[in-house]
Amino acid sequence: MTVFCAIDWAERHHDVALVDDTGTLLAKARISDDAAGYSKLLDLLAEHGDSPESPIPVALETSHGLLIAVLHTGSRKVFAINPLAAARYRDRHSVSRKKSDPGDALVLANILRTDMHAHRPLPDDSEQAQAIAVLARAQQDAVWSRQQLANQVRSLLHEYYPAALLAFQSKQGGLTRPDTRIMLTLAPTPSKAARLTLSQLRAALKRSGRSRGLDAEAERLRAVLRAEHAHHLPAVEDAFGRQLLALLGQLDAACQAAAELAEAAEAAFREHADSEILLSFPGLGPMLGARVLAEVGDDRSRFVDARALKSYAGSAPITRASGKKRFVGRRFVKNNRLMNAGFLWAFAALTASPGANAHYRRRREHGDWHNAAQRHLLNRFLGQLHHCLQTRQLFDEQRAFAPLLSPPTGHAA
């Protein structure tokens, strides 16, 4: 008898349902979200035939957490069912729109029983790849948080401190640069900034780690900060300054977190066996390579072919056809983290690879907008990456873009 298990996940407890291949409910239980609950779940599975040789497949509506770590051991297949798909299956069995946690667990179990072939199990990534995924995603979140805070600082400076925007925003890194943050902490209001001396400016620049061009930069900053600008009332300006200092404290923490996580992610990435292949691709450095590896993983059986990887990333187009209507467009359901890293990868490759640049230019000449051409280039890179990872080959520019790099034939008239 084939048995299927499903768990309706919640924050404090989980409802478990086991069914056989005819849909008969064999057992149901409610377990706590702790070691005792996990042990109870494993005992329940063992009672119904679970073993290392023939583990019972399990379906949930989440793909992370300690419960997943407990279940995803050995050869057991764990399926993360999209909640939207589960809602559609619920309507299949009942039109009254009733809902309960035990009922949801039963719905998930029947999804596994009837359509397990249509759902992809969680990848069997190595411990090293899972660690890289944690670090790379955390660093990506820290970068997004850093940019969000920088936008808040910029918006605040626009309200009362335009001289700071003129002084710092045009530089690479903008408001997240160490010298910018130190200078704004030293002078959080225009009045304080106007009173800074050249020696104070030089000392602040030196404290931020800058070692060259201190005198010229200090002169430039003094001229910008002492220029004539409109001002708020003194008390109001001081209040804005206190708000800026509070935001700068958060921004400093976000910048430090992003830097430390980047260092840890790059170190872990370089120790992985796939790092050499990923770094052979133009536009992929250690940090971007870690992000790509975090989402692609190192389970070579995860994607049956390159098209599956492209669809997962969202770079492959999707066709919607009905009657005489046919539309080919971009995918909205995708791995957003991989797509974000992919756009950065494709953009960086334009200057690192003549073939990638030629491919991009050809797509633009055919009418693609910038994003569409970038997506098409990423789609090609992902196909090449899948091939290189499967065959354990390094990227070869001449083979990857041979038609675009071949010299033109014939003689000029």
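Please work out the FRET efficiency for the pair V70 and Q128, using the Cβ-Cβ distance as r and a Förster radius of 22 Å; give the result to the nearest 0.05.
Efficiency for this residue pair is about 0.65.
Note: relative contact order over the chain, using C-alpha pairs below 8 Å and six or more positions apart, is 13 percent. Between K171, K98, K206, the residue with the greatest mean-square fluctuation in the GNM of the chain (Cα pairs under 10 Å linked by springs) is K98.
When the surface is traced with a 1.4 Å probe over the full set of protein chains, W144 keeps roughly 110 Å² accessible.
Name the most mobile residue of A373, A313, A402, meaning the one with the largest mean-square fluctuation, in a Gaussian network model of the chain with Cα contacts below 10 Å. Fluctuation is largest for A402.
Take every Cα pair under 8 Å whose residues are at least 6 apart in sequence, average their separation, divide by the length of the range 71-137, and the relative contact order is 45 percent. Treating r as the C-beta distance of H370 and A87 and R0 as 35 Å, the FRET efficiency rounds to 0.45. Taking N as the residue count of the range 131-267, its C-alpha radius of gyration divided by 2.2 N^0.38 Å amounts to 1.13.
Solvent-accessible surface of the chain, taken per residue with a 1.4 Å probe and all protein chains present: 54 Å². Under 1.5 on a/c is rounded, so check that first for the range 274-404, then, if it is not, pick prolate when a/b is larger than b/c and oblate when it is not; a ≥ b ≥ c are the square roots of the alpha carbon gyration tensor eigenvalues. Oblate, since a/c reaches 1.5 and b/c is not below a/b. Take every DSSP beta bridge whose two residues both sit in the chain; close to 80 percent of them are antiparallel. Recomputing mean projected area of the Cα convex hull in nm² from the coordinates shown identifies the correct label among [x] 22.8; [y] 32.0; [z] 18.6 as [y].
Each of R392 and M1 was given a label point 7 Å from its Cα along the Cα-to-Cβ line. The distance between the two points is 4.5 nm.
What's the carbon and sulfur percent of the range 131-267's accessible surface, probe 1.4 angstrom, rounded to a whole number?
Carbon-and-sulfur percentage of accessible area, whole number: 54.
The count of lysine pairs in the chain that are at least 8 places apart or cross chains, and whose C-alpha atoms lie under 26 Å apart, stands at 14. In the distance distribution for the range 199-273, Cα-Cα pairs more than 19 Å apart total 65 percent.
Looking at the square roots a ≥ b ≥ c of the eigenvalues of the Cα gyration tensor of the range 1-85, which shape do they give, rounded for a/c under 1.5, prolate if a/b is larger than b/c, or oblate? In terms of gyration-tensor shape, rounded. Could you tell me whether the range 59-195 comes out rounded, prolate or oblate from its Cα gyration tensor? Rule is a ≥ b ≥ c as square roots of the eigenvalues, rounded for a/c under 1.5, then prolate if a/b exceeds b/c, otherwise oblate. Prolate is the answer for the range 59-195, as a/c is 1.5 or above and a/b outweighs b/c.
The values are calculated or read from the model by the stated rules, or taken from the named source; none is laboratory data. These numbers come from a predicted model, not from an experiment. As a convention, Cβ positions derive from the backbone with ideal geometry for all residues, glycine included, and neighbour counts pool all protein chains shown. Accessible surface is based on the protein model in full, side chains and every heavy atom, while ligands, DNA and RNA are left aside. Shrake-Rupley method; radii C 1.70, N 1.55, O 1.52, S 1.80 Å.
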